[in-house]
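First comes the structure, then the notes that go with it.
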């Protein structure tokens, strides 16, 4: 079994040993904005995904909606019925999924 020394770990404290909150926040993914949903359909060629989701701050009505995906490569391996976590942002008059994670 190998041992890990503290020197090999990233520094998350200042010179006085106090936690460096900005560094910790930059390193940790922000999952608080991720919503949960279920995949209804995937159209990789069009870069679109249809999700069944609960109400979100940006979309308070909830329901089923087709979204454009910022990076269509995240659709690979997804299919109807898969549970996902996602982040959506307004894009002009529509909405775009900017982050998508498979929750299965």
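What follows is calculated from the coordinates using simple rules that are stated; it is not laboratory data. Given the structure is predicted, the values throughout are model-derived calculations rather than measurements. Neighbour counts are summed over all protein chains in view; Cβ atoms, including those assigned to glycine, are modelled from backbone coordinates with ideal geometry.
Assign one of three labels to segment 35-102, namely rounded, prolate or oblate, based on the Cα gyration tensor with a ≥ b ≥ c the square roots of its eigenvalues; rounded applies when a/c is under 1.5, prolate when it is not and a/b is larger than b/c, and oblate otherwise. Display every interim value, and only then the final one.
Working: a/c = 1.70, a/b = 1.21, b/c = 1.40.
Oblate, because a/c is 1.5 or more while a/b does not exceed b/c.
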Problem - Fraction of antiparallel bridges per DSSP, segment 35-102 only, in percent to nearest 5 - result: 90 percent
Problem - Modelled FRET efficiency - R0 22 Å, residue 48 with residue 82, Cβ distances, 0.05 increments - result: 0.90
